[in-house]
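Structure, as structure tokens:
The values are calculated or read from the model by the stated rules, or taken from the named source; none is laboratory data. Remember, predicted model here, so these are calculated numbers, not experimental data. Cβ sites come from the backbone with ideal geometry, for glycine too, and all protein chains shown count toward neighbours.
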Amino acid sequence: MTRQLILERAVKEIQDGMCVNLGIGMPTLIANMIPDDFNVMLQSENGLLGIGPYPQKDEVDPDLINAGKETVTAKAGASFFDSAESFAMIRGGHIDLAILGGMEVSETGDLANWMIPGKMVKGMGGAMDLVQGAKRIVVIMDHVNKHGESKVKKSCTLPLTGEKVVHCLITELAVFHFTDAGMELIELQNGVTLDEVKSKTEADFTISPSIEIRA
Amino acid sequence: MSKLLSSFDSAIEQIEDGATIIVGGFGLSGIPEKLIIALRNKGVKDLTVVSNNCGVDDWGLGLLLENKQIKKMIASYVGENKLFEQQFLSGELEVELVPQGTLAERLRAGGAGIPAFYTATGVGTEVAKGKEHKEFDGRTYIMEKGIIGDFAFVKAWKADHFGNLVYRKTARNFNPVVATAGKVTIVEVEEVVGIGELDPDEIHTSGVYVQKVLVGTDYVKRIEKLTTANA
């Protein structure tokens with residue numbers, strides 16, 4: 001299953017001791033996959049650092065939710081704070097890593113993930129703040145859309161969430177890194193060929209030497 | 001002098017058509033549910049409402065939408081609300097979408113007497129259009145303005161008679177910054193205690209920001225997404 005493949009690769013981006021923000025939706029699922037022996041503080045932008053597991057039925061508290069509005073718990077060492085301070089943490093570069101969903105990523109690391117023109121606009125929430133503020137931005141998404149078109153573009157066609165903000169892109173086919181030098185393919189997912197990645201990627205990218213050897 | 005009032009209706013008596021009202025809460029958590037209902041019952045129209053979200057169809061700020069009292073909404077995320085979509089598409093409702101951190105900071109700035117500030121959030125996006133751009137140390141920022149409201153509606157857990165406030169868990173969210181940004185800040189709480197009964201070290205919002213305090217009963221605290229372990 002492609003989603004599981006993406007999530008299993010994404011969790012490897014999380015290191016022991018990090019403070020991490022996981023975006024709403026698919027990225028939230030990564031929380032359950034973090035190794036038990038890691039001391040990781042997950043941030044929820046509505047004002048919690050140290051998200052715990054979902055509550056037991058008798059622990060449910062409407063005053064304790066995550067940014068996806070789900071009932072959660074707070075783990076040992078957690079702290080609560082207001083929204084301005086929450087985003088001071090984000091904008092001030094105190095969050096080590098944000099893992100976010102994507103609609104399109106460009107070869108220069110632009111990200112579009114908040115609106116589709118012609119459809120009802122729901123709003124950007126905290127995504128524009130996270131992409132500018134967190135130290136490292138990892139985007140997880142399907143490599144192609146339901147019509148088979150590449151979501152990894154020369155330039156994004158959808159309205160941007162941020163320009164040159166993505167550090168790492170993980171899809172069910174491959175992993176790319178972004179630097180000032182451009183976009184580089186650094187890993188192929190298991191069983192995926194370089195030709196398949198090339199044919200399904202609109203963006204121009206260089207190929208890490210380690211991959212040339214495998215391919 | 002106590003700021004404690006007994007009637008929600010009289011607490012909002014001075015709010016007129018066209019007022020700007022800043023409302024605390026995130027989703028349906030920590031929303032001033034009794035003040036919103038009182039405002040719905042009062043029926044004032046053409047309101048500009050500043051709040052992170054706009055409730056759901058039949059609860060929270062959605063009640064004001066249902067009653068067509070909101071002219072303009074300033075928010076970061078409004079995706080939970082079908083009425084919102086209808087009124088927006090029909091042109092009845094004006095919307096300004098603001099990144100969540102920028103919204104929080106605009107309220108903080110407004111309450112702190114800071115007219116504007118620079119942030120990288122939104123640079124290179126539609127949010128930046130028409131805004132002043134400025135470079136600091138090689139990075140580009142845009143200018144965002146502080147927000148001050150005619151009224152601020154806040155939900156806290158406890159207050160004393162001076163209006164010192166304590167919030168509970170993530171129901172705090174936007175409420176402390178909202179409290180600072182209203183010309184008249186009206187707070188509803190679950191419990192009021194006497195002056196001196198709150199430890200000064202535990203107070204999240206000083207009563208200096210607060211003009212009126214009300215005690216609500218039978219809080220609904222509706223949960224948007226009930227998630228439990230092993231569910």
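Looking across the range A:64-93 at every residue that is of a type in the set (D, E, K, R) and out of contact with any Phe, Trp or Tyr (no Cβ under 9 Å at 6 or more places or on another chain), the one that is farthest from B:Gly30 (Cα to Cα) is identified as A:Arg91.
With respect to the conditions (1) touching a residue at least 40 places away in the same chain (Cβ under 8 Å); (2) in a loop (DSSP other than H, G, I, E, B); (3) away from every other protein chain (no Cβ under 12 Å); (4) touching a strand residue (DSSP E or B) at 6+ places or on another chain (Cβ under 6 Å), B:Asp150 falls short on a single one, namely (2). Taken over the range B:156-170, residues that are within 12 Å of chain A (Cβ to nearest Cβ) and either under 9 Å from B:Gly24 (Cβ atoms) or assigned to a loop (DSSP other than H, G, I, E, B) (or both) amount to 4.
Selection of the range A:97-125 for residues being among the β-branched types (Val, Ile, Thr), out of contact with any Pro (no Cβ under 6 Å at 6 or more places or on another chain) and more than 9 Å from every other protein chain (Cβ to nearest Cβ) yields A:Val105, A:Thr108, A:Ile116. Taken over the range A:52-93, the criterion of being β-branched (Val, Ile, Thr), part of a loop (DSSP other than H, G, I, E, B) and facing chain B (nearest Cβ under 7 Å) is satisfied by A:Val60 alone. Scan the range A:100-112 for residues that are in contact (Cβ under 8 Å) with a residue 60 or more places away in the chain and in contact with a Gly (Cβ under 7 Å, 6 or more places away or on another chain) and jot them down. Matches in the range A:100-112: A:Leu100, A:Gly101, A:Glu107. Within the range B:153-174, at least one residue is acidic (Asp, Glu), modelled with pLDDT of 95 or more and in contact with a strand residue (DSSP E or B) (Cβ under 6 Å, 6 or more places away or on another chain). Considering only the range B:63-77, state which residues are away from chain A (no Cβ under 14 Å) and either on the phi > 0 side of the Ramachandran plot or touching a strand residue (DSSP E or B) at 6+ places or on another chain (Cβ under 9 Å) (or both). Of everything in the range B:63-77, those that are away from chain A (no Cβ under 14 Å) and either on the phi > 0 side of the Ramachandran plot or touching a strand residue (DSSP E or B) at 6+ places or on another chain (Cβ under 9 Å) (or both) turn out to be B:Leu64, B:Leu65, B:Lys68, B:Gln69, B:Ile70, B:Lys71, B:Lys72.
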